[in-house]
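Only one structure is covered here, and it is reproduced in the block below.
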Amino acid sequence: MKINSTAQTESARERDPTPKFVELILKYDREIRRYIQGLIVRRDDTDEVMQQTALVLWEKFSEYDDSRDFLPWAKRFAYFEALNFRKIHARNKLIFNEEVMQLVAETIQESNERNDERAKAMIECLDKLGAEDRRLLELRYGNSKTLKAIAEEEQGDPKMLYRRLEKIRVALLGCIDKHFQTKRFSWD
């Protein structure tokens, strides 16, 4: 009897979409919220649209194809919820018309794509650095240590560390610029 009960519980868990939905909505909450914030002016309104979007996503989750990315699917609903919010609150002077909202949505998407490409370039360029340079960057930026603190730990001169970090930053910037030149992306 206990084996059958365990099998039923496992089967119920497999059919229950709640854990997967919660995992995805938590994973992408920040990106969805930023997207909505680009479409809606006031923070309180952003929260309202985010709540409504989450509700609609839950209601439509049975239609979600998990072989595709969740974020674009969720953003599509967020866009329509922002449009719906705009229609309901059309008297407010800070609400954009539909054309402006479409342009803002496209701009946000393009910006996200450029940011994703920048992050990819940064990772590739960081991988090209030597181990000591990566370690110094990790100490300075990963651990948020001051140059003075690093110099004391390393028993070195803060000015020398500053010059070394500046050379690393210049090298990274050059590498990233080269990446974008070959990919023909613009920095604007």
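The values are calculated or read from the model by the stated rules, or taken from the named source; none is laboratory data. As the structure is a prediction and not an experimental result, all values here were calculated from the model. Virtual Cβ from ideal backbone geometry, glycine too; neighbours counted across all protein chains shown.
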Selection from region 62-79 of residues surrounded by fewer than 17 Cβ atoms within 10 Å (Cβ to Cβ), in contact with a helix residue (DSSP H, G or I) (Cβ under 8 Å, 6 or more places away or on another chain) and not in a loop (DSSP other than H, G, I, E, B) yields LEU71
Out of ALA121, ALA105, I need the residue that is closer than 24 Å to LEU71 by Cα, in contact with a Cys (Cβ under 9 Å, 6 or more places away or on another chain) and not assigned by TED's automatic domain parsing to the domain that holds ARG33. Which one? ALA121
